[in-house]
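Data first, discussion second: the structure below is written as structure tokens.
Where a number appears in this text, it was derived from the coordinates with a stated rule and is not lab data. A quick note: this is a predicted structure, and the numbers were derived from the prediction, not measured. Cβ placement follows ideal geometry from the backbone for every residue including glycine, while neighbour counts extend to all protein chains displayed.
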Amino acid sequence: MQTRQRRIFRSALAVAAGLGLTAVAGCGAADTGKSASAGSTDTITLTKPSWVGAEANTAVAQYVLETELDYKVNTKQMGEVIAWDALSKGTIDAVLEDWGHPEQEKQYVEDKKTVVKAGDLGVTGHIGWFVPKYWADANPDVTDYKNLSKYVDELKTSESGGKGQLLEGSPDYVTFDDAIIKNLNLNLKTVYAGSEAAQITQIQQNAKAKKPFLTYWWTPQWLNAEVEMVEVKLPEYKEGCDADPKKVACAYPNTPLQKFLNADFAKDGGKAATFLKNFKWTAEQQNEVAKMIAQEKMSPEAAAKKWVDANPDVVKAWLP
């Protein structure tokens, strides 16, 4: 699948401090630059993406590895493409949520064979353009991209230069939105909030005031249970329509999110490698943990513990 080159994302934004996300743990593999795949079989190093859904994966996996399987787990926050390189070198052992990097997959999985597939995460991701349901209910035609330009006056902001604003998250996200706007001849301009957290804040403020807005957004995401949004219909996605980033004029695809392991770790990582291959949950389960972290301001460890304690049968199925 080609998507986070088609999406994203997320080369990755720095997580807002308000989400309570911590930096890299400071010892063991993180200090030496070595992970389990590099020889320390009792220490696992996981990448910690900066969007909160993927943060939930890492938090729960870390908690189970440490409390059920007696491993030490370090986490490293890094962009997606950088994570692929680190995974190949063995400085991290696993990526638990990849949205599709076909170039890296070919390079490291097919050609170098330094990375191996570890199966589906169990969550299907989707990116698109969304408007709030209250606005779509009042203006049903706004959900067709062909009609967006007629709503420019309602969408424009001080930052959009007289055009309708398409709210984005981090400038580090890889999106096709500028190309889509240009190739569909839309009177819109992308405006970046700076991070997922800042984008969420803007969406919440707009929703509270019942203001119209158009945003680049994705599922799964815990905010969708709080702010009901409707997707704008872009031209149908067809395989290859996003092959040339400059010529994209179609919707984003649905993407079954994937896990990848360092090849040596997959072979020699013992119970930890088996557990990470088994780790699979639903979008609803991921959102439960993500909401605890982002909205309820729980620490990732506390959120993971609360969820694990409430779902023993799910966790048991993951264990070697």
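Here is how the numbers come out for the structure above:
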quantity	calculated
Qualifying chymotrypsin sites (Phe, Trp or Tyr not before Pro) in the stretch 168-204, DSSP loop, other Cβ atoms within 10 Å at most 15	none
Scattering curve values for the stretch 39-100, log₁₀ I(q)/I(0), Debye with Cα scatterers, q = 0.15, 0.23, 0.25, 0.27 Å⁻¹	-0.41, -0.93, -1.06, -1.18
Listed residues 215, 75, 274, most fluctuating in the chain (Gaussian network, C-alpha, under 10 Å)	274
Centroid-to-centroid separation of the stretch 248-320 and the stretch 116-147 [C-alpha atoms, Å]	23
Residue pairs, from the table 233/297; 150/246; 238/291; 150/208; 233/316, whose Cα atoms sit over 30 Å apart	233/297; 238/291; 233/316
Mean Cβ count within 10 Å, highest first, over the residues of peptides 62-72, 83-93	83-93, 62-72
Peptide ranges 121-129, 149-157 listed from the most packed, as the mean C-beta count within 10 angstrom indicates	121-129, 149-157
For 130, 275, 265, order by how many other beta-carbon atoms lie within 10 Å, fewest first	275, 130, 265
Evaluated at q = 0.11 Å⁻¹: base-10 log I(q)/I(0), Debye formula over Cα of the stretch 125-254	-0.34
DSSP-defined beta bridges in the chain - what % are antiparallel, rounded to 5	60
DSSP-assigned coil residues among GluC sites (Glu not before Pro) in the stretch 211-320, each with at most 14 further Cβ atoms within 10 Å	226, 228, 236, 239, 296
